[in-house]
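These notes concern the structure reproduced below.
Just so it is clear, none of the values below were taken in a lab; they were calculated from the coordinates. These numbers come from a predicted model, not from an experiment.
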Amino acid sequence: MLKFIIVALLTIPPAVAGKDVVQAEHERLVDEMENLVARQIWGGVERKYKEMQKLEIELSQEDHLHGAYAARELGDMAAVYERLKRASQLEPTKEVIDWLWEIDSNYGHVELLTVPNRSTDLAIEEMPFDTSQRKAVEVAVSAASHDGTFTGLIPKGSYTFAGQTFMIEPGVSVRIEVSPRVRRQGVIEPVIIYRDTPGSGIVEP
């Protein structure tokens with residue numbers, strides 16, 4: 001009997017065996033992620049989602065939605081938007097569509113850069129009341145304070161970066177570079193690029 005089992009295992013194509021192993025690993029990660037979601041340990045949920053992505057298999061709508069929840073709690077709205085888009089492609093539920101619409105209506109894309117990279121102040125004129133929006137601002141401020149760079153989605157409003165004031169509006173991407181080269185050219189003006197939505201490809205104005 002044992003000899004028969006061994007022979008049977010040896011006859012399983014490597015591709016099939018490998019696929020089964022990957023699927024089993026995905027199921028293990030799903031179980032761990034759901035446990036972390038129930039306990040609201042969002043840093044752990046984020047790690048499990050990224051581990052799932054490395055498996056290079058198609059994730060479920062729920063996987064992407066859990067990943068979006070984690071990114072929201074960590075203040076990464078660009079990741080939230082991308083994961084929601086993936087979830088909507090699999091199952092465009094009302095929750096997902098409404099959430100995408102909310103981001104489209106309240107966030108703009110920004111690329112901030114200091115050359116050379118250095119700690120820089122980023123401030124918003126009026127901090128939003130919404131918890132998710134506040135977290136997005138705080139993450140951007142922390143990144144600028146760390147090395148003077150940030151790329152992502154932040155709430156609409158008036159901001160100041162390294163002494164330069166700029167506006168964030170929904171559906172618009174703003175790029176600001178603060179460097180000796182740019183300063184020699186005079187007043188630093190934000191580069192504005194119009195987009196269909198905060199997470200979409202660039203569209204000519």
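Numerical summary
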quantity	calculated
Subset of Lys48/Lys156; Lys19/Lys48; Lys19/Lys94; Lys85/Lys156 violating a 27 Å alpha-carbon distance limit	Lys48/Lys156; Lys19/Lys94
Kirkwood-based Rg to Rh ratio, the range 82-187, C-alpha trace	1.05
